[in-house]
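What follows is a short report on a single structure.
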Amino acid sequence: MKEQLEQLLADAIGQIKADGVLPADQTVNIQLDRPRDKSHGDFATNLALMLAKPAKSNPRQLAEQIIAAIPQNTLLEKAEIAGPGFINFSIAQDQLKGQLQAMYDSKRMAVAEAENKRTIVIDYSSPNLAKEMHVGHLRSAIIGDATSRVAEFLGHKVIRQNHVGDWGTQFGMLLAHMEQLDNQSAEYELSNLETFYKAAKQRFDDSEEFANRARELVVKLQSGDDYCLRLWNQFIEVSLSHCQEVYDRLGVKLTRDDAMAESAYNDKLPGVIEHLREKQLLVEDQGAQCVFLDEFKGKEGEPLPIIVQKKGGGYLYATTDLAAIEYRQKQLGGDYLMYFVDARQSLHFEQIFTLARKAGFIEGDIRTEHFGFGTVMGRDGKPYKSRDGGVTKLADLLDEAERRALSLLQQKDSDLSEQQQQQIAKVVGISSVKYADLSKNRTSDYIFDWDLMLTFEGNTAPYLLYAYTRVNSIFNRLGDSGFDQGAEFVLNDEREVALANQLVRFNEVVHQVYDKAMPHFLCGYLFDLAGRFSSFYEACPILNQEDLAIRNSRLKLARLTANTLSQGLELLGIPTLEKM
Ligand code: ARG
């Protein structure tokens, strides 16, 4: 609907340009807002206010000319001038009904496929394997996964890449620790990577001899020594399977096949350096190989290096990312590369993207984008920590979520068996953690608060999951008697109209989520939808409605609400429940 109205306005602007009201070369950015107050119509624009100056006219007069130039159409019921020169538009009810019917008839809720289908390589999760996944790994996994689902839904080809860190200097320390354990105790210690890491670090800090051995082992590992590779493989296997357990529990679609580890680029790194040398981009600085780009300066204007090779010959994070970016375009065929990585790495990505283009690692019309996100904070306003002050392992956090969800469910009357409740608690617990994250603006920090996410009040997973079961219960009560799916929509009550207006926005919102990689738009939309449904449900009898035409229409609105909620939640990576 929005696109149709934009088109009408674009035509109107074309017309007033042709009429000489507006200079022909004037660039026009058509912006449409949705007024909060419905008496201001369904859409509003400040176009006339923006263009009054170049048109050498006053805004109200120009608004009148714009309205007059809108082509004949069946979309608009009316267009009115308001205040200093805003234009408010009301959409004709026939249009609204038509849109509802189109959604009703469509398997994809009438969400339009993308016009330009792309091959999108999405880098998300990408933890370092030296340690177990912790709370800091939540956001990339969840937001990246939701965006991937939305991109796929819009018809793009999505290639997931889990750029796990498995090759850094820390591995020397881990291998040194491993080689001192016999098989049995190695197996035991590896069952808790966190303590394994701590023990290794302790020895590294305490013993010079151990530290030297650790350094020796990294060099050996990186030069392909068989013995080191064997130890290392054993460690990586364990660590990756930990990750996979977390992904499976979270319902994150990553699999082992999506893992393209840093080590996989090892053979390519000398070539990266050679290539930079050929392009005359390399500068030696204190024995290290660096690139200095004019675009990047320090606080005092001093040149900022991108270090690509250390003095001893070792490669860095940036070097691997240059190899990876080339691989993603040239081998995987990506024309849009998305990165879901902590906002604190934004300089790194700006540098990599700029350098990759300059050096020709990527070429042509390829889009690269770092989608940064804020930090998960504790209630004390500092990065989230476990009770003992350490980092919280993600697996433990999810256990706690499930426990808390169970106690939330037990507070409610329910005819569910103990076992059913436990099953449901798993979904509610995990979904609450995911939803709490997804519903916040991606770029801000947010406070991780159990009480705010595990409640039936407000914009939470329990609220939405419960709302879905409520809509569903109508159809359970209806049973086999069914209803006339072919009936027309009847929108008499204002609550029916409000619900209908929200339903038809689904297409627009899904596209927005993709464009900005901001899943919280969809969360806000679903929360609003559930709220409008609930007002409708309270005011408008459905099963007891005697007028059959109205009853059928209301059942269709309910069906559409249920389908939209479940489709929306699925795009967020959250399953629905039939009962709660
Ligand atoms: N492993 C890195 C970290 O934990 C994140 C990797 C992100 N992806 C990338 N291509 N650099 O900080």
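Only one of (1) within 30 Å of Ser444 (Cα to Cα); (2) touching a residue at least 60 places away in the same chain (Cβ under 8 Å); (3) in a helix (DSSP H, G or I) is not met by Leu555, so which one is it?
If we test Leu555 against (1) within 30 Å of Ser444 (Cα to Cα); (2) touching a residue at least 60 places away in the same chain (Cβ under 8 Å); (3) in a helix (DSSP H, G or I), just (1) comes out false.
Looking at (1) over 15 Å from Glu132 (Cβ atoms); (2) among the aliphatic types (A, V, I, L, M); (3) in a helix (DSSP H, G or I), which is the one condition that is false for Leu240?
(1)
Test each condition in (1) touching a Leu at 6+ places or on another chain (Cβ under 8 Å); (2) outside any helix (DSSP H, G or I) for Glu295 and report the one that comes out false.
Of (1) touching a Leu at 6+ places or on another chain (Cβ under 8 Å); (2) outside any helix (DSSP H, G or I), only one is false for Glu295: (1).
Consider Arg249 carefully, then state whether it is surrounded by 15 or more Cβ atoms within 10 Å (Cβ to Cβ) and modelled with pLDDT of 95 or more.
When the stated conditions are applied, Arg249 passes them.
Can you report the number of residues in region 419-459 which are in contact with a Pro (Cβ under 7 Å, 6 or more places away or on another chain) and surrounded by fewer than 21 Cβ atoms within 10 Å (Cβ to Cβ)?
Going residue by residue through region 419-459, those that are in contact with a Pro (Cβ under 7 Å, 6 or more places away or on another chain) are 427-428, 432, 438, 454-456.
Within this subset, residues satisfying the condition of being surrounded by fewer than 21 Cβ atoms within 10 Å (Cβ to Cβ) are 427, 455-456.
The total comes to 3.
So which of Ala141, Ala146 is in contact with a Phe, Trp or Tyr (Cβ under 7 Å, 6 or more places away or on another chain), hydrophobic (A, V, I, L, M, F, W, C) and either buried (at least 22 other Cβ atoms within 10 Å of the Cβ) or within 19 Å of Lys253 (Cα to Cα) (or both)?
Ala141
Considering Val283, Val238, Val252, which residue is over 12 Å from Val164 (Cα atoms) and in contact (Cβ under 8 Å) with a residue 60 or more places away in the chain?
Val252
Whether any residue in region 107-117 is within 32 Å of the chain's Cα centre (by Cα) and either crowded, with 23+ Cβ neighbours inside 10 Å or assigned to a helix (DSSP H, G or I) (or both) is what I want to check.
No.
State the number of residues belonging to region 484-509 that are closer than 22 Å to Ser534 by Cα and either among the aliphatic types (A, V, I, L, M) or within 28 Å of the chain's Cα centre (by Cα) (or both).
Total meeting the criteria: 14.
Where residues in region 118-149 are aliphatic (A, V, I, L, M) and in a loop (DSSP other than H, G, I, E, B), which of them is nearest to Cys243 (Cα to Cα)?
Met133
For the subset of region 305-319 comprising residues that are assigned to a strand (DSSP E or B) and in contact (Cβ under 8 Å) with a residue 24 or more places away in the chain, which member is nearest to the chain's Cα centre (by Cα)?
Ile306
With the requirement that a residue be under 25 Å from Ser239 (Cα atoms), among the basic types (Lys, Arg) and surrounded by 13 or more Cβ atoms within 10 Å (Cβ to Cβ), what does region 362-418 give you?
Matches in region 362-418: Lys385, Lys393.
Per-residue answers, yes or no, for (1) assigned to a loop (DSSP other than H, G, I, E, B); (2) hydrophobic (A, V, I, L, M, F, W, C); (3) within 16 Å of the ligand (Cβ to nearest atom); (4) more than 30 Å from Thr147 (Cα to Cα):
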| site | (1), (2), (3), (4) |
| --- | --- |
| Tyr265 | no, no, yes, no |
| Ile273 | no, yes, no, yes |
| Gly333 | yes, no, no, no |
| Leu337 | no, yes, yes, no |
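Among the candidates Val510, Val490, Val471, Val504, single out the residue that is touching a Gly at 6+ places or on another chain (Cβ under 9 Å), hydrophobic (A, V, I, L, M, F, W, C) and either under 18 Å from Met109 (Cβ atoms) or crowded, with 16+ Cβ neighbours inside 10 Å (or both). So that I can check it myself, show each step before the final result.
Working: Val490 fails: touching a Gly at 6+ places or on another chain (Cβ under 9 Å); Val471 fails: touching a Gly at 6+ places or on another chain (Cβ under 9 Å); Val504 fails: touching a Gly at 6+ places or on another chain (Cβ under 9 Å).
Exactly one of Val510, Val490, Val471, Val504 is touching a Gly at 6+ places or on another chain (Cβ under 9 Å), hydrophobic (A, V, I, L, M, F, W, C) and either under 18 Å from Met109 (Cβ atoms) or crowded, with 16+ Cβ neighbours inside 10 Å (or both), namely Val510.
Among the residues of region 166-186, which ones are under 15 Å from Glu209 (Cα atoms) and of a type in the set (S, T, N, Q)?
The answer is Gln180, and nothing else.
Just to be sure I understand the filter: pairs with C-beta atoms under 6 Å, separated by 6 or more residues or on different chains, first member in region 320-333 and among the hydroxyl-bearing types (Ser, Thr, Tyr), second member within 12 Å of the ligand (Cβ to nearest atom) and assigned to a helix (DSSP H, G or I). Which pairs pass?
From residues that are among the hydroxyl-bearing types (Ser, Thr, Tyr), the pairs are Thr320/Glu262; Thr320/Tyr265.
Quick one: in region 325-348, which of the residues that are under 18 Å from Tyr265 (Cα atoms) and aromatic (Phe, Trp, Tyr) is surrounded by the most Cβ atoms within 10 Å (Cβ to Cβ)?
So the residue we want is Tyr339.
Any chance you could count how many residues in region 117-141 are modelled with pLDDT of 95 or more and either away from the ligand (no atom under 16 Å from the Cβ) or of a type in the set (Lys, Arg) (or both)?
Within region 117-141, residues that are modelled with pLDDT of 95 or more and either away from the ligand (no atom under 16 Å from the Cβ) or of a type in the set (Lys, Arg) (or both) number 4.
Looking at Ser534, Ser566, can you tell me which residue is under 26 Å from the mean Cα position of the chain (by Cα), surrounded by 15 or more Cβ atoms within 10 Å (Cβ to Cβ) and closer than 28 Å to Asp413 by Cβ?
On inspection, the qualifying residue turns out to be Ser566.
Could you give every pair whose Cβ atoms fall below 6 Å, whose first residue belongs to region 450-461 and is within 19 Å of Pro519 (Cα to Cα), and whose second residue is β-branched (Val, Ile, Thr), counting only separations of at least 6 or pairs across chains?
Met453/Thr460
Within region 340-355, identify whether any single residue is touching an Asp or Glu at 6+ places or on another chain (Cβ under 7 Å), within 15 Å of the ligand (Cβ to nearest atom) and part of a strand (DSSP E or B), and answer yes or no.
Yes, some residue in region 340-355 is touching an Asp or Glu at 6+ places or on another chain (Cβ under 7 Å), within 15 Å of the ligand (Cβ to nearest atom) and part of a strand (DSSP E or B).
Only one of (1) out of contact with any Asp or Glu (no Cβ under 8 Å at 6 or more places or on another chain); (2) among the basic types (Lys, Arg); (3) within 26 Å of Gln244 (Cβ to Cβ) fails for Lys382. Which number is that?
(3)
Quick test for you: out of Tyr435, Tyr446, pick the one residue that is among the hydroxyl-bearing types (Ser, Thr, Tyr) and in contact with a strand residue (DSSP E or B) (Cβ under 8 Å, 6 or more places away or on another chain).
Tyr446
Mind listing just one residue for me: the one in region 304-330 that is more than 17 Å from Val219 (Cβ to Cβ) and basic (Lys, Arg) and, of those, farthest from the ligand (Cβ to nearest atom)?
Ranking the candidates gives Lys330 first.
Only residues in region 34-46 that are assigned to a helix (DSSP H, G or I) count as the first member; pair them with residues that are aliphatic (A, V, I, L, M), Cβ under 9 angstrom, at least 6 apart or cross-chain, and list the lot.
Once the first residue is assigned to a helix (DSSP H, G or I) and sits in region 34-46, its partners that are aliphatic (A, V, I, L, M) give Lys38/Val497; Lys38/Ala498; His40/Ala82.
Which number in (1) in a loop (DSSP other than H, G, I, E, B); (2) surrounded by fewer than 16 Cβ atoms within 10 Å (Cβ to Cβ); (3) in contact (Cβ under 8 Å) with a residue 24 or more places away in the chain marks the one condition that Glu80 misses?
(1)
Conditions: (1) out of contact with any Lys or Arg (no Cβ under 9 Å at 6 or more places or on another chain); (2) in contact (Cβ under 8 Å) with a residue 24 or more places away in the chain. Gly482 meets all but one. Number of the miss?
(2)
The values are calculated or read from the model by the stated rules, or taken from the named source; none is laboratory data. Small disclaimer: the values here were computed from a predicted structure and weren't measured. Neighbour counts run over all protein chains shown; Cβ positions are idealised from the backbone, glycine included.
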